[in-house]
Amino acid sequence: MHVIVVGAGIIGVNSAWFLRERGFEVTVLDRRSGVAMETSFGNAGIVAPGYVTPWAAPGMPGKVLSTLFAAEAPVVFRPDANPALWRWLARWLRECDLARYRRNKSRMQRIAFYSRAQLAELRTRLGIEYERSPGYMQLLRTPREVMMAGPARAMLDEGNVPYRWLDGDEARAVEPALSAACPLAGALLLPEDESGNCRLFAQGLKEHAQAAGVVFRFDETVRALALERGRVNGVITAQGTLPADAVVIAAACDSVPLLRQAGIRLPLYPIKGYSATVTLTGGGAAPSRSVMDEAYKVAVTPMGSRLRIAGTAEIGGRELALRDSALRTLIKVACDWFPGAARYTEATWWTGARPMLPDGAPLIGRTGTPGLFINVGHGSTGWAMSCGSGRVLADIMADREVEIDLDGLTLERYPRRIRGR
Ligand SMILES: Cc1cc2nc3c(=O)[nH]c(=O)nc-3n(C[C@H](O)[C@H](O)[C@H](O)COP(=O)(O)OP(=O)(O)OC[C@H]3O[C@@H](n4cnc5c(N)ncnc54)[C@H](O)[C@@H]3O)c2cc1C
């Protein structure tokens, strides 16, 4: 059985790998010249299932409003007239209710924990090097932030997720590179989590997939699905129709127009973010694990001889231009915590769009259209969910038993007007 995967980001590459493992003939198509050239290119690299959480949370609308006009705001709202944005926001606001937040978070964590186990298995079996650092730490500057972290701690307890709660001094003892000049009221250490370079991993897995027989075709844009009598029989590119027994859409936000052809109207919206990659000086103290500054929602992640500094959520506006104030915030946060650790004035800048559904969890598996499958909507934690999502998709397509509960992780969670047939 021949399967076409549209999209060679971290989700498409993992889908292809696991599909090949299940015996499918696989062709991956991407409009770019290689794998992980879009959102999977320059992300923060964090794989922390215990920290995976929907952005639609109680108190979030107020928090967004209160920081909207701050000089270094973690969230920036750029309203435009696009009705898709306003529909997305209305749905997002509905999901900020406590019960929905807890439900959405548990769905996301289910796939993320499974994914971390799959990642570990692939790492051991294939020996892919991806600048991995074990552990992850959330930094809380003020007593108020410590207080606000209470519900998240309670959920870690409920889920039996191992963590350590540290006061400022303990946190500095665990991560001595943290600058003493920056206020630190407390920290949450997740010792079983990790970080790594998502793009490097995608490149490594692509090499293994190719060796196993997966065909990668780059610089080829999928213009449409080849639909015949309600069934997807392949895709249409500039080269003509490419037939297949099944098609998997893993094209992040650009999945939307392709799926619309099959009557599926996904509320998937790009939430822009930024990163800076800087070279370590070797002189100043650098972090040994990824840290997240909760106040600014900026992560600083060691990646080999470099640091990746990433964050900011920009809602509205689809163009991927760099914005100076967001870039300044990234460097400010890294300098606050690790002054002198890297050549901050020589940063390589990047911006990408998180493929975000209002309720947070991705959508994996069948659609109502025969021959059409999806692996989309991984939002701000797609790297952390990628191996598990690929494995789940392949097991569904191969009619094998899926190892996790799929409740809330498929298109079935949406009403008929969204999911089409
Ligand atoms: C600033 C920032 C920080 C982040 N930090 C983290 C983090 O720490 N941890 C984490 O887990 N996640 C993080 N993420 C999120 C993560 O990067 C994404 O969830 C993930 O990369 C999405 O992968 P994807 O494969 O779905 O999308 P992409 O990587 O964008 O891949 C989609 C692919 O589809 C291709 N494509 C689209 N349309 C077509 C078409 N018509 N024809 C052919 N090809 C097509 C594109 O070229 C692209 O290669 C972050 C994101 C941002 C922006």
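Of note:
- Net +/- balance of residues flanking Met147 in space, Cβ distance below 13 Å, scoring K and R +1, D and E -1: +1
- On the basis of the beta-carbon distance and an R0 of 35 Å, Thr142 and Arg164 show a calculated FRET efficiency of 0.95.
- Under-5 Å amide H pairs with Ala313, H placed in peptide plane, nonlocal only: Val75, Val76
- Karplus-derived 3J(HN,Hα), 6.51/-1.76/1.60, for each residue of segment 408-421, Hz, glycine and proline x: x, 10, 10, 4, 4, 6, 9, x, 4, 5, 8, 7, x, 3
- Low-density loop cleavage sites - chymotrypsin sites (Phe, Trp or Tyr not before Pro) in segment 28-113, where at most 12 other Cβ are within 10 Å (DSSP): Phe69
- For Arg354, the residues whose modelled amide H falls within less than 5 Å of its own, excluding neighbours fewer than 5 places apart on the same chain, are Ile271, Lys272, Gly273.
- Summing Cβ point charges (Lys, Arg +1; Asp, Glu -1) relative to the Cα centre of segment 11-158 gives a dipole of roughly 400 debye.
- Considering only alpha-carbon pairs that sit under 8 angstrom and 6 or more positions apart, the relative contact order computed for the chain is 27 percent.
- Filtered trypsin sites (Lys or Arg not before Pro), segment 169-260: DSSP coil and at most 13 other beta carbons within 10 Å: Arg229
- Proximity of backbone amide H atoms, modeled 1.01 Å from N, is registered between Val47 and Glu194, Ser195, Gly196 at under 5 Å, excluding neighbours fewer than 5 places apart on the same chain.
- Compared with the rule-of-thumb size 2.2 N^0.38 Å for a compact globular protein, the chain has a Cα radius of gyration ratio of 0.95.
- The dipole here belongs to the chain: it is taken about the Cα centre, uses +1 on the Cβ of Lys and Arg and -1 on the Cβ of Asp and Glu, and is about 1140 debye.
- The chain, helix-only ellipticity at 222 nm - DSSP H runs n ≥ 4, -39,500 (n - 2.57), divided by all residues, nearest 500: -10000 deg cm²/dmol
- Rounded FRET efficiency, nearest 0.05, which uses the C-beta distance separating Arg87 from Arg32 and R0 of 30 Å: 0.55
- ³J(HN,Hα) computed for each position of segment 326-335 - Karplus, 6.51 cos²θ - 1.76 cosθ + 1.60, integer Hz, glycine/proline x: 5, 5, 5, 4, 4, 5, 4, 5, 5, 5
- Contact order relative to length of segment 146-262, as percent, for alpha carbon pairs under 8 angstrom and 6 or more apart: 14 percent
- Spin-label model distance (nm) - Ser288 vs Ala398, 7 Å beyond Cα toward Cβ: 3.9 nm
- Label sites at Ala154 and Thr279, each approximated as a point 7 angstrom past Cα along Cα to Cβ, lie 4.9 nm apart.
- Residues of segment 1-45 with amide N under 14 Å of a point placed 7 Å along Cα→Cβ from Ala238: 30-33
- Rounded to the nearest 10 degrees, the inclination of helix 98-126 to the longest alpha-carbon principal axis of the chain is 80 degrees.
- Leu65-Glu121 FRET efficiency (beta carbon distance; Förster radius 45 Å; 0.05 resolution): 0.55
- Label-reachable residues, segment 240-275, where backbone N falls under 19 Å from a point 7 Å from Val215's Cα toward its Cβ: 240-250
- Maximal additional length on extending the Met1-Glu192 stretch stands at 64.9 nm, based on 0.36 nm per residue less the C-alpha distance.
- Long-range lysine pairs (8 or more apart or interchain), the chain, Cα under 21 Å: 8
Rule-based calculations on the coordinates, nothing more; no lab input. All values derive from a computational prediction rather than experimental measurement. Every residue, glycine as well, gets a Cβ built from its backbone with ideal geometry; the counts of neighbours run over all protein chains shown.
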